[in-house]
Each structure stands twice: as structure tokens, then as C-alpha cells.
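One structure is given below, encoded as C-alpha cells.
The values are calculated or read from the model by the stated rules, or taken from the named source; none is laboratory data. Just so it is clear, the model here is predicted, and its values are computed rather than measured. Here the Cβ positions follow ideal geometry from the backbone for every residue, glycine too, while neighbour counts run over all protein chains shown. To get the accessible areas, we keep the full protein, side chains included, count just its heavy atoms, and leave off ligands, DNA and RNA. Shrake-Rupley method; radii C 1.70, N 1.55, O 1.52, S 1.80 Å.
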Amino acid sequence: ACPPRSAMLLLSLGLMAVLTHGLANIPGKPKNAKSLESMKDPDTKHCGDDFACDFVTNHHICVDVIYTKDTKTTGLPKNFWQATNQENLQASWEARIARARNTSWCVSLKEAYQYSMQSGDGDSFETKGCDCAFYTCEGTDTCDFLAYNMSSEAKPYDNPYTQNCYASCCKNIAKKCEVEDLPKEELPTAKPTLKPTLKPTEKPTLKPTEKPTEQQTPRPTEKPTQKPTQKPTLKPTEKPTLKPTEKPTLKPTSPIAEGPNEGPKPIQEGPVEGPKQPTVVPKPPATTKWYQKYQEVWPHCKNFKCGQFSIVKAKEECKANQQCTGFSFPVNNPEQGQGCLKMCGSNENSAQYGLTGTHGYIAKGAATGVIHFKYAFKWPHCSNIMCGTFKLHDMKNLCLSDSQCSGFSYPKGNPAKGSGCLKKCGNNEASGGYGQGAYGYWSKN
């Protein structure tokens, strides 16, 4: 006999509940879907048929999980389910997604990290780039996601790689999140202010008065005056103050006496003694210096911001952060490129270096230290700190950045690029003898 229609209905509802189980164990369409959607950024579309992809509520982003099955295209050894250890749920998720409007679904930041970083951590944004096909930009709560501080996540999921890649891959949508700072409310002036200049002026303009003045306020003098102008008295004086003399007097004028005002004393004839010391002219603020420290090497220091930018923009953002020591940037310094602002502190080489030759490093400050060419056809057999193929420019700065480095071996003739080793010789360079022939030696001392 066939089961009653009510039993069939309950069975169907139970099956639908299983199939609507999302990637992060979130039911399909929640009861308060409209309120959830209203919290998302304007123009954000649904992530497939998943109505629970709201970053403010659950810190989830929208990705194309079906795309990850083609590992030949992704270049990664595992698909999404394998990388997140959820293979037992793959069949039910695929059945649910098969009925959706696209192949995307909401995943947590942890799951996005586990899939994206399965081939290793480190400076992945610089060396590995981003797989933009993984991210579904129009289904992600973009502004809230990009404004989120990834350091709030537990390690290692606080790595900003996913956020940096999303900002780079979805930059057209991310632009909608940029809001210009509104000008502060200004007080009314007696007369209209000058039109804004195209470029910043060397000196600041006067601040607006609290109340409109009857006459125009005097403009600042082009150069500092020898003496400060008189401050106004708190209360009106009974008698007017003395008019200033045309030339400086040898002695200060006498205070106003009680009784009749005798007037100013006559100026002494003869040469007038001028100021003994010249007026100190204020110096303009010091400009931030930059230099190309490495051409094909970059330090593995802490990244505090990565993205696609120009060198000018990277310098502006690094200058605004006191902890920023420089930034990585693609070789040959194109107009635009992917890189990361770095916080290296005083020990740049503590985390080693990126040596793939894809990026260089532009440092804040001025170059310090000197390396001398010491031997043309021999080199000391000291301990090796690091060996490899580098540009001569990079070898010099690598040694200068390492307090233990005494110098480095380098092919004879000093080509622009060659193989060599950073040496640790201490105070006795000759203790291990010398090699002769194919290499020379550069020394700090």
C-alpha cells in the first residue's frame, strides 16, 4: 500500500532540509531573509540560491565552489571539499547547487583560506598572485568585507591574502565603497574666501573668524617680523598707547604714567643699534626620502597592506604609517603592479627574503653603509650566511642589512648579475685560508 499523502509531504520536507545544508552549515533561505538582505551593501546580488551570505552577520563571502573541481585550471592539488576536509558532504552540496542560478555559494573566511593557501603560506600575494575566477564579486557583501580587520581572526586565518586578492580581483565593485571625507563646517566670513588653489600653498591660509569682521583681516607678512606684534589688551585703556617709532629705540619706552601723558621720548640721534642676531627663518618640513634597495629581492617582513597600486600611491600610504619601512613592487617598476607595504622594524633579515626574481623592494629613508671591492681573483673561506644568484646591487645591500656579514664573494669581472655567497668572517678573515681563481671579494671593511 502507498503511504499517506501527509507522510510523503513530511519525507519531502526532510529531504529538502538535508539538501539545503550550505557549505558552512547554514540553512538555505532563512526566515528573516529580507532583514538579512537589507543589511548588505547596495546592489549586492544573491550568492546562487544562498540567502544567508551576509558578511556582517556571519563573516562569509561568495565563491564559485564548482569551479574548484577543475584542478588543471586552478593549478591546485585539491578541490574545495578536499582542501576543507568536507568530502562527505560534496554530493549533497552539488545536488543543491545544481538547482541554483549559478555555481556559487557562501563560505567562511577559514574555508576560503584552507582552499587558497593549500600550496603554502608566505608572501603568496606577491609570488603566487590571485585566482580571480574563485571569487564571485557580485554576490559578496563587498564594503563590509573590505572594511573588516583580518587580525580579528584566529591564526593562521588572520592572513590578509584572501582580502587582498578580493580587493584586486573585484576592484570595480570595491570602488563603490570609497567615500570622500566631507569638509568640516566652516564659520561665515565677512567676504567670500579665495577660490581653492590647484596645488597646496607653502603657507596655510588664515583661519575663519568666529564672527564676521567689519574690515578685511590683514594678510600674513611674506617674511617673519623682527619683533612680535602687540597683543590686544583685555580691556580698553584710558589713554591710547604710544604709536610705534619709525626706527627701533635703544631703550624700551616707559610705561604710561598716571596723570597727564607726556608723550613719547625723543629718539636719540646718531646710528641706531640694530638687532644683534639675525632672525631665524623657519625651515620647510623635511621630505621623505626613498631608494631602490633591492632590484630582484624583497624581505619577508610583516605585510600590513597589499594590493594593486602605483609607486606614487604606495609611497603616500607608506609615508602615512610610521611603522612602514618600504614596499615590494614588480621588477622594472611598471606604472601599476601588485605589491605589499612592509613593517620590517630594525631587523629586516629576520624572516629571510623572497628570491624568485619577480619583485624588488623600495625602502623608506636613505642608503647607508659602503661596500669596498677588495680582491679581484680570491675570496676568504669564511662561514657562508646565504648563497645564490643575485644582482651585484642586491648583494651589496643584502650584506649591509646583515650585522654579521663581513662581505661577499662574486664572479671575477663583477658582472651585473652572478652567483656568490654572503660571508661571516668575524675579526680574522684569513683563518680559513683563501680560494683563488673564478671569484673576487667585496668587503665592508
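Write down the accessible area per residue of the range 47-97 in Å², having rolled a 1.4 Å probe over the full set of protein chains. Before the final figure, lay out the partial values.
Working: 2110 Å² over 51 residues.
Ligands and nucleic acids excluded, the figure is 41 Å² per residue.
Skip the ligands, DNA and RNA, and give the accessible area per residue of the range 308-445 with a 1.4 Å probe, whole Å².
Working: 6920 Å² over 138 residues.
That works out to 50 Å² per residue.
Compute the FRET efficiency between Ser152 and Phe377 as 1/(1 + (r/R0)^6), taking r as their Cβ-Cβ distance and R0 = 45 Å, and round to the nearest 0.05. Numbers along the way, then the final one.
On the way: r = 58 Å, r/R0 = 1.29.
Efficiency for this residue pair is about 0.20.
Looking at the calculated P(r) for the range 61-108, what percent of the C-alpha pair distances fall above 15 Å? Spell out each step's value before the answer.
Details: 496 of 1128 pairs.
The calculated P(r) of the range 61-108 puts 44 percent of pairs beyond 15 Å.
Mind listing the long-range amide H neighbours of Ser104? Cut-off is under 5 Å, sequence gap 5 or more, other chains count too, H placed in the peptide plane at 1.01 Å from N.
Excluding prolines and chain starts, which carry no amide H, the hits are Gly48.
What does the charge add up to near Lys412, with Lys and Arg as +1, Asp and Glu as -1, over the other residues with Cβ less than 15 Å from its Cβ? Mind showing how you got there, number by number?
Details: positive: Lys374, Lys378, Lys417; negative: none.
It works out to a net charge of +3.
Counting only the heavy atoms of the protein chains, how much of Leu355 is accessible to a 1.4 Å probe, in Å² to the nearest 10?
90 Å²
Can you tell me the length gained on complete extension of the stretch Tyr291 to Lys72, counting 0.36 nm per residue apart and subtracting the Cα distance?
On the way: separation 219, 0.36 × 219 = 78.84 nm, distance 4.10 nm.
Result: 74.7 nm gained on full extension.
Around Pro380, with a cut-off of 11 angstrom between Cβ atoms, what is the net charge of the other residues, counting Lys and Arg +1 and Asp and Glu -1? Kindly include the intermediate steps, with their values, before the conclusion.
Working: positive: Lys374, Lys378, Lys423, Lys424; negative: Glu429.
Net of charged neighbours comes to +3.
Students sometimes get this wrong: rank Thr71, Thr389 by accessible area, probe 1.4 Å, all chains present, largest first. Could you put the intermediate results ahead of the total?
Working: Thr71 50, Thr389 90 Å².
Heavy-atom accessible area, descending, gives Thr389, Thr71.
Pop out the ³J(HN,Hα) list for the range 79-85 in order, Karplus 6.51 cos²θ - 1.76 cosθ + 1.60 with θ = phi - 60°, rounded to Hz; leave Gly and Pro as x.
Running phi through 6.51 cos²θ - 1.76 cosθ + 1.60 with θ = phi - 60° gives 7, 4, 5, 5, 5, 9, 6 Hz.
Go through the range 314-324 residue by residue and turn each phi into a ³J(HN,Hα) via Karplus (6.51, -1.76, 1.60, θ = phi - 60°); whole Hz please, and just put x for glycine and proline.
Ordered by residue, 3J(HN,Hα) equals 5, 5, 4, 6, 5, 4, 6, 10, 5, 7, 6 Hz.
FRET efficiency for Lys211 and Leu89, Cβ-Cβ distance as r, R0 = 45 Å, nearest 0.05?
Between Lys211 and Leu89 the formula returns 0.05.
Where does each of 77-86, 152-161 land if you order them by average Cβ count within 10 Å, highest first?
Values: 77-86: 18.2, 152-161: 14.4.
Going by the mean number of other Cβ atoms within 10 Å, highest first, we get 77-86, 152-161.
Which FRET efficiency value, to the nearest 0.05, do you get for Asn428 and Ala351 by plugging their Cβ-Cβ distance into 1/(1 + (r/R0)^6) with R0 = 30 Å? Can you show the working numbers first?
Values: r = 30 Å, r/R0 = 1.00.
Plugging the Cβ-Cβ distance into 1/(1 + (r/R0)^6) gives 0.50.
Amide H to amide H under 5 Å from Lys305: which residues, 5+ apart in sequence or cross-chain, H placed 1.01 Å off N in plane?
HN-HN under 5 Å from Lys305: Leu341.
Leaving out ligands, DNA and RNA, and with a 1.4 Å probe, what % of the accessible surface on the range 348-401 is carbon or sulfur?
Values: 1430 of 2610 Å².
Reported share for carbon and sulfur atoms: 55 percent.
Take the alpha carbon gyration tensor of the range 379-445, find the square roots of its eigenvalues, order them as a ≥ b ≥ c, and report rounded if a/c is under 1.5; if not, report prolate when a/b exceeds b/c, else oblate. List each step's numbers first, then the result.
On the way: a/c = 1.98, a/b = 1.19, b/c = 1.67.
Here the range 379-445 falls in the oblate category.
Given a 1.4 Å probe and heavy atoms of the protein chains only, how would you sort Trp298, Trp290, largest accessible area at the top? Walk me through the intermediate numbers first.
Numbers: Trp298 0, Trp290 60 Å².
Listed by decreasing accessible area, they come as Trp290, Trp298.
Suppose the chain between Gln436 and Glu238 were pulled fully straight at 0.36 nm per residue; how much longer would it get relative to their current alpha carbon spacing? Can you show the working numbers first?
On the way: separation 198, 0.36 × 198 = 71.28 nm, distance 9.52 nm.
Going from the current span to full extension adds 61.8 nm.
Would you mind calculating the gained length between Glu317 and Asn414 on full extension (0.36 nm times residue separation, minus the Cα-Cα distance), in nm to one decimal?
Numbers: separation 97, 0.36 × 97 = 34.92 nm, distance 3.68 nm.
Roughly 31.2 nm would be gained on extension.
Please label the shape of the range 300-445 as rounded, prolate or oblate, based on the square roots a ≥ b ≥ c of the eigenvalues of the alpha-carbon gyration tensor (a/c under 1.5 means rounded; beyond that, a/b larger than b/c means prolate, else oblate).
Working: a/c = 2.77, a/b = 2.02, b/c = 1.37.
It comes out prolate by the Cα gyration axes.
What base-10 log of the normalised intensity I(q)/I(0) is obtained for the range 316-380 from the Debye formula, alpha carbons as equal point scatterers, at q = 0.23 Å⁻¹?
Treating every Cα as an identical point scatterer, log10 I(q)/I(0) equals -1.09.
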